[in-house]
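Below: the structure, in structure tokens.
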Amino acid sequence: MGEKKRIGILTSGGDCAGLNAAIRAVVYRAIGTYDWDVLGIMRSTQGLLQQPPEVKQLTLADTDCLLSRGGTILGTTNKGNPFAFPMPDGSVADRTEAIIAAYHGLGLDALIGIGGDGSLAILRHIAQQGGIKLVAIPKTIDNDLGSTERSIGFDSAVNIATEALDRLHFTAASHSRVMILEVMGRDAGHIAICAGISGGADVIVIPEINYSIDTICNSIQALKAKGRNFAIVVVAEAVCTESGEKITQTHALSQCRLGGVGQYLADHISAKTGAETRVTVLGHVQRGGMPSPLDRLIATAFGVAAVDLIAEDRCDRMVSWQHRQVVSVPIESAIAHYQAVDPQGTLVKTARAMGICLGDEANSPAIPSTVPDQFNVAMV
Ligand code: F6P
């Protein structure tokens with residue numbers, strides 16, 4: 001065993017379930033196996049910009065009860081890009097050098113960064129510029145990071161969205177309604193397609209497949225023709241209007257965020273079919289709460305593997321889940337290969353085979369001539 005190391009760990013970008021499980025594994029492996037020191041850096045790179053840096057020495061005692069805890073004990077941020085950091089006087093400044101100086105000032109030998117594509121691109125840039133030995137652990141409920149089949153947080157988010165669909169079935173059937181569930185996914189439809197298949201949705205709308213409102217409405221009418229009195233639609237928040245505009249909401253502090261495509265679809269479905277619709281926007285419920293067993297497992301395996309990479313002096317790499325194994329890949333390739341839902345892939349094929357409408361014409365049902373053009377308000 002080499003000389004005693006001191007490593008840093010931070011979480012960056014949006015939080016998700018399973019981050020604490022990864023922190024726990026890193027601390028356990030680094031201290032328990034290698035007898036290293038582990039410093040937790042608070043609120044991602046923002047902790048390194050404080051005077052003195054906001055850090056916490058992590059001990060084995062800190063790992064108690066961490067496996068199932070939601071969020072991140074280190075805090076995180078998806079704002080304050082260090083290359084254009086908002087300063088108190090209203091200007092923006094590149095704070096890269098300050099972050100690098102703080103890192104080296106702490107006497108760190110390596111850094112474990114847990115993040116999605118945006119955070120890992122930023123961390124890698126800083127690491128390259130500052131001679132920082134960086135190892136990455138992938139996390140994002142969106143599951144759109146390249147070179148890994150799974151990222152921490154995705155499975156928990158799919159579980160929550162699936163449970164929401166299960167619940168919506170009963171109320172939809174009771175009231176003869178079309179229920180629309182809007183799920184997260186800033187750019188990709190992974191949560192929507194996985195939860196949609198698992199939760200028995202009738203229609204799944206994802207940004208990777210162009211849709212038409214008419215096709216969606218036809219499929220809902222075809223269900224009615226077969227005797228179904230309700231329908232379940234799941235849509236990813238990143239889906240645009242039929243003519244291609246992003247749907248966003250401007251909130252306090254002038255923040256513009258995705259949101260509203262569920263209501264957009266609901267209004268059009270009601271107008272075209274006469275069906276009564278209701279919309280549920282699942283939002284941050286998908287990120288909060290206890291991690292699923294699979295996320296705990298992946299996070300634990302990733303945490304152990306990340307520490308081992310440092311021990312082997314194999315840095316600038318990201319741990320990755322491939323074919324039931326943890327392997328490692330260059331961080332550069334993970335952030336370069338964005339992973340959208342494959343329109344030709346197994347999930348899309350499965351959905352089509354199960355008669356799920358994906359909004360395009362691929363398996364658009366023929367509507368029997370006996371079905372009225374419009375639904376009454378109550379679909380009975
Ligand atoms: O990238 C993860 C994610 O949860 C997206 O699915 C979502 O669009 C976004 O973050 C929400 O970010 P915020 O927490 O800033 O609202």
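The values are calculated or read from the model by the stated rules, or taken from the named source; none is laboratory data. The model shown is predicted, which means the values in this text are computed figures rather than measured ones. Ideal geometry is used to build each Cβ from the backbone, glycine not excepted, and the neighbour counts take in all protein chains shown.
Residue-level analysis places LYS56 among those that are among the basic types (Lys, Arg) and in contact with a strand residue (DSSP E or B) (Cβ under 8 Å, 6 or more places away or on another chain).
Residue by residue, here is whether (1) more than 18 Å from GLY146 (Cα to Cα); (2) away from the ligand (no atom under 16 Å from the Cβ) holds:
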| position | (1), (2) |
| --- | --- |
| ALA173 | yes, yes |
| VAL183 | yes, no |
| HIS190 | no, no |
| CYS194 | no, no |
| GLY199 | yes, yes |
| VAL203 | yes, yes |
| ILE206 | yes, no |
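Cβ-Cβ contacts under 9 Å between residues 6 or more apart (or on different chains), taken from a first residue in the range 11-27 that is free of Cβ contacts under 8 Å to residues at least 24 places away in the same chain to a second residue that is of a type in the set (S, T, N, Q) and crowded, with 24+ Cβ neighbours inside 10 Å, are absent. The single condition from (1) more than 16 Å from the ligand (Cβ to nearest atom); (2) part of a helix (DSSP H, G or I) that MET290 fails is (2). Can you tell me which condition ILE209 does not meet? The list is (1) touching a Leu at 6+ places or on another chain (Cβ under 7 Å); (2) under 22 Å from ASP155 (Cβ atoms); (3) aliphatic (A, V, I, L, M), and all the others hold. With (1) touching a Leu at 6+ places or on another chain (Cβ under 7 Å); (2) under 22 Å from ASP155 (Cβ atoms); (3) aliphatic (A, V, I, L, M) applied to ILE209, the lone miss is (2).
Taken as a whole, the structure places VAL235 among residues that are within 16 Å of the ligand (Cβ to nearest atom) and not hydroxyl-bearing (Ser, Thr, Tyr).
Residue-wise test of (1) β-branched (Val, Ile, Thr); (2) surrounded by fewer than 24 Cβ atoms within 10 Å (Cβ to Cβ); (3) not assigned by TED's automatic domain parsing to the domain that holds ILE100.
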| position | (1), (2), (3) |
| --- | --- |
| GLY130 | no, yes, no |
| VAL135 | yes, no, no |
| THR171 | yes, yes, yes |
| MET179 | no, no, yes |
| ILE197 | yes, yes, yes |
| ASN218 | no, yes, yes |
| VAL234 | yes, no, yes |
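Inclusion of ILE73 among residues that are in contact (Cβ under 8 Å) with a residue 24 or more places away in the chain, more than 16 Å from the ligand (Cβ to nearest atom) and under 21 Å from ASP117 (Cβ atoms) is not warranted. Highlighted here are the strands (runs of 3 or more DSSP E) found entirely within the range 1-58 that include at least 3 residues which are touching a helix residue (DSSP H, G or I) at 6+ places or on another chain (Cβ under 6 Å): 6-11.
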